[in-house]
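Let me begin by presenting the structure, written as structure tokens, before commenting on it.
Read-outs throughout are calculated quantities, based only on the coordinates presented, and are distinct from any laboratory measurement. Quantities reported herein were computed from a predicted structural model and do not represent experimental measurements. All Cβ positions, glycine included, derive from the backbone under ideal geometry; neighbour counts span all protein chains shown.
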Amino acid sequence: MFDTIKQDITTIFERDPAARSVPEVLLCYPGLHALWGHRLTHWLWQRKIRLLARWLSHLMRWLTGIEIHPGAQIGSGFFIDHGMGVVIGETAEVGKNVTLYHGVTLGGVSLEKDKRHPTLEDGVVIGAGAKVLGPITIGACSRIGANAVVVKPVPANSVVVGVPGRMIERSKPHTPEERPDLHHDRLPDLICSALDAVITRVNALERQSNNGDGKPPIPFATKQNVWLGEDFSI
């Protein structure tokens, strides 16, 4: 038990540069309190003492702002940063070294009493406000961008952004044993990239239709994702 507590504290120091001392971590990290509360409620849940498990889970929600159903399965090295508004459903499964930020939901999309919540494999990082919904699997070492809505399975070593979530393979694959990648500023803008490709193609077609004079009738060109056209006003 003491080894597990020590690992929980070490995990926080590894992933949050704001952590300065052990007393601060013990007293001021609701994610840690919610995790410890979940271990107790999950133990009760497995032994069919489910009303007490749900009541204690409800109490931890009131104390921490984090709702973890006693039936959820959570691996070692789990870290919830800030924590407020995190919801983890009954049949969710969370692997090792997973990181969640505030406002994350691991939710269900079915009324059936079976597997209806996500499975997060080892090393997954989910940004603030993201929603992962349904009995889908998020592959190991994937990163979900802030406020993304993910409703389809995600392969390992992927980055997902947008609503609905769109996937792109990571340029530098990670392994679950590596330190989690928390750089949420390094996310692709897939919609802008697609629009840029369309505009480039339209420019090429317009040049062909102008007898080769190289002057498109409408200035659709872009430069570093900045719109240069003047065919509308706000």
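Are there trypsin sites (Lys or Arg not before Pro) in the stretch 62-129 that DSSP marks as loop and that have at most 10 other Cβ atoms within 10 Å, and which are they? Here the trypsin sites (Lys or Arg not before Pro) that fit, given the DSSP loop and packing criteria, are K113. Of the trypsin sites (Lys or Arg not before Pro) found in the stretch 1-62, those that fall in a DSSP loop while having at most 13 other beta-carbon atoms within 10 Å are R20, R47, K48. Exposure proxy ranking for V125, V202, based on other Cβ atoms within 10 angstrom of each Cβ and starting from the fewest, stands as V202, V125. With 20 Å as the limit on Cα-Cα distance, the pairs of K131/K152; K6/K115; K152/K172 that go past it are K6/K115; K152/K172.
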